[in-house]
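The values are calculated or read from the model by the stated rules, or taken from the named source; none is laboratory data. No experiment lies behind these values; they were computed from the predicted model shown. Using ideal geometry, Cβ is built from the backbone for each residue, glycine included, and neighbour counts are taken over all protein chains shown. Accessible surface is based on the protein model in full, side chains and every heavy atom, while ligands, DNA and RNA are left aside. Shrake-Rupley method; radii C 1.70, N 1.55, O 1.52, S 1.80 Å.
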Amino acid sequence: MSFLKKALAITRKDVLSELRTKEIIFSALVFTVLVIVTFNFAFSASQETTALVAPGILWVTFTFAGVLSLNRAFIPEKEENCLEGLMSSPVSREVIYVGKMLGSLLFMLIIEIIALPVFALLFNLPVFSAPLVTVTFLATVGFVAVGTLFSALAVNTKAREMVLPILFLPMVVPIIISAVKASGLALAGESWGALASWLQIIGAFDAIFLVVSFWVFAFVIEE
Amino acid sequence: MADEIKDVAPAQAIAVQELKKSFGHHLALNGVDFRVARGESVVVFGPNGAGKTTLIKILATIMNPSSGRIFIDGMSAKDSAEKIRRRIGVITHQTFLYGTLTAYENLEFYGRLYDVPRRKERIHEVVETVGMTSRLHDRVGTLSRGMQQRLSIARSLLHKPPIMLLDEPETGLDQQALVVLREALRAEDGARRTVVLTTHNLERGLELGDRLLILARGRIVYEGVTASLDLAGLREAYHQSTGVKA
């Protein structure tokens, strides 16, 4: 219980800080809306073509908006020299990981909640279905789980904002591909059964990424 | 494990044994060995790159040593890092404060991490100690460097630590903050805290410490008692043991 309370204290601090600066949400949202609008003009084609490319557009948008958001998970701690303050506090490194991960997950879900209606409006697709919401949520969990780990790894490098996508994106390719495939089926109105295999793959990667990141984080954060 | 702890006397607050830390090929600490008794103040002097900051980071369990052992209040830093962190307060030239949050929000955050009981009252107590009550709800980013350092002292005192680790804490401190810092080194019940302090400032170190160590090239090259030294004597000892004029 104490573990979760302390992790939530870190999440709460990140949310409070974000409410003041609006750095993550604002930049990621502007990027998200711009990409969706640009793709909408690029593919002003038939409904069939749109349905074919829409899942890819959706996940390209979420992936790069997510990278923008994850980049800010540890950079403010480093810039304000607060990482050592956290590390000298009586919390395990795993608490720091979970606290940071929950914050990034919250920010990414907020971006997705705002982006999906814009996507639905411009592409005229049924995004408010239980299958698509489930796919989006599960893929975001895995994305953020491994992204938080790599964000901590990249923060100690010089070109940290460039290093994160280079290290991190190859790792999440299986989740992104599965999310694109599952989203395509969900947007086409397919049943849960048709999505099951992709959801299982995403779920398996979520579990692997969560467990491995949780255990590896202490080695990454300690110099 | 019992054998390991056997040679750490109960009166010792800190015991450092054969501590080594390397960064790649560079050996920052090369067999550092010392003890600090409860209530004792030990000042560590040394030129730039001597390993002072590395030593404080390892004592604070922020960084792991390459080899060697550390015991704080008889607990091994390797096995009981979280328990040790509850017993130490850390002040460095970095404040560990978030500029976008207010002074109160910063202290509340650290209070939660340290499980400080009666958090709100305790925050008001420490803020009063450092003379920052009127700026409690101002954002830290708007405070002067001296005020931020005073707030950093308040942060380090929140959980009433019996041991204080200070890494060049005087950087950026104004005169008022220096007075606050001196008071912070005394525990609130009037007893003395155990202190390990690193500094470049020989005069201040001589004033604050009971015992002094001089660190050079990752080794302790001089050990003495401050009562038996004046500033000129310390300067001479520093020059002879480090080759650097202070």
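Would you kindly calculate the translational diffusion coefficient of region B:158-246, applying Stokes-Einstein with the Kirkwood radius from alpha carbon pairs, for 37 °C and a viscosity of 0.692 mPa s, and quote it in µm² s⁻¹ without decimals? Answer from the Stokes-Einstein relation: 231 µm²/s. Here the peptides A:196-205, B:132-141 are ranked by packing, the mean other Cβ count within 10 Å, and the order with the highest first is A:196-205, B:132-141.
Placing a pseudo-label 7 Å from each Cα along the Cα-to-Cβ vector at B:Arg118 and B:Val244 gives an inter-label distance of 4.5 nm. A simple spin-label model places the labels of B:Met75 and B:Arg145 3.5 nm from each other, with each point 7 Å out along Cα-to-Cβ.
Need the C-alpha centroid separation for region A:195-221 versus region B:81-109, integer Å. Using only Cα atoms to place each centre, the spacing works out to 32 Å.
Per residue of B:91-101, how many C-beta atoms from partner chains lie within 10 Å of its own C-beta, taken as a mean?
For this peptide, the per-residue mean of nearby foreign Cβ atoms is 6.
A simple spin-label model places the labels of A:Ala120 and A:Ser191 2.4 nm from each other, with each point 7 Å out along Cα-to-Cβ.
Fraction of C-alpha pairs exceeding 33 angstrom in region A:3-220: 16 percent, rounded to a whole number. Which FRET efficiency value, to the nearest 0.05, is calculated for B:Glu125 and A:Leu106 with the Förster distance at 41 angstrom and r the Cβ-Cβ distance? Using R0 = 41 Å, I get an efficiency of 0.80. Take each residue of peptide A:17-30, count the partner chain Cβ atoms within 10 Å of its Cβ, and average: the result is 1. When the solvent-accessible area of the protein assembly as shown is split by element, carbon and sulfur atoms take up 61 percent of it, the probe being 1.4 Å. A full extension of the chain between B:Asp230 and B:His200 corresponds to an added length of 9.2 nm, given 0.36 nm per residue minus the alpha carbon distance. Normalised by the number of residues in region A:3-220, the average gap of Cα pairs under 8 Å and 6 or more apart makes the relative contact order 28 percent.
Peptides A:58-68, A:160-170 ordered by packing proxy, namely the average of other Cβ atoms within 10 Å per residue, highest first: A:58-68, A:160-170.
Interface B-A: total buried accessible area of about 2600 Å², 1.4 Å probe, protein heavy atoms only. Taking amide hydrogens as placed 1.01 Å from N in the peptide plane, the amide H of B:Met164 sits under 5 Å from those of B:Gly89, B:Thr194, B:Val195, B:Val196, each at least 5 positions away in sequence or on another chain. Values of log10 I(q)/I(0) for chain B across q = 0.07, 0.08, 0.13, 0.17 Å⁻¹ run -0.23, -0.31, -0.82, -1.31, by the Debye formula with one identical scatterer at each alpha carbon and no solvent. Set the Förster radius R0 to 45 Å, insert the Cβ-Cβ distance between A:Thr49 and A:Ile113 as r into 1/(1 + (r/R0)^6), and round the FRET efficiency to 0.05. The calculated FRET efficiency here is 0.95. Summing charges over all other residues whose Cβ lies under 15 Å from the Cβ of A:Thr134, with Lys and Arg as +1 and Asp and Glu as -1, gives -2. Taking all Cα pairs closer than 8 Å and separated by 6 or more residues, the relative contact order of chain B comes to 26 percent.
For the protein assembly as shown, the solvent-accessible area of protein heavy atoms averages 43 Å² per residue (probe radius 1.4 Å; ligands and nucleic acids excluded). When you count the other C-beta atoms within 10 angstrom of each residue and take the mean per peptide, B:30-37, B:113-120, B:212-219 line up highest first as B:212-219, B:30-37, B:113-120. Classification of region A:1-44 by its C-alpha gyration tensor yields an oblate form. The axis ratio a/c (a ≥ b ≥ c) is 1.5 or more, and b/c is at least a/b. Averaged over the residues of A:75-88, the number of partner chain Cβ atoms lying within 10 Å of the residue Cβ comes to 6. Based on the alpha-carbon gyration tensor of the protein assembly as shown and its eigenvalue square roots a ≥ b ≥ c, which shape applies: rounded if a/c is under 1.5, prolate if not and a/b is larger than b/c, or oblate? Prolate, because a/c is 1.5 or more and a/b exceeds b/c.
Counted by Cβ distance under 11 Å from B:Ile153, the other residues give a net charge of +2, where Lys and Arg count +1 and Asp and Glu count -1. In chain B, the calculated helix contribution to ellipticity at 222 nm averages -10000 deg cm²/dmol per residue, counting -39,500 (n - 2.57) for every DSSP H run with n ≥ 4. Taking B:Gly233, B:Gly205, B:Gly49 as the candidate residues, the one with maximal mean-square fluctuation in a Gaussian network model of chain B, Cα springs under 10 Å, is B:Gly233. Annotation: average projected area of region A:76-199 is 9.1 square nanometres, based on the convex hull of Cα atoms across all directions.
A full extension of the chain between B:Ser134 and B:Arg38 corresponds to an added length of 31.0 nm, given 0.36 nm per residue minus the alpha carbon distance. Long hydrophobic helices in chain A: the complete DSSP H runs spanning 20 Å or more by Cα along their own axis with mean Kyte-Doolittle hydropathy of at least 1.0 are A:23-42, A:93-123, A:130-154, A:160-187, A:192-221.
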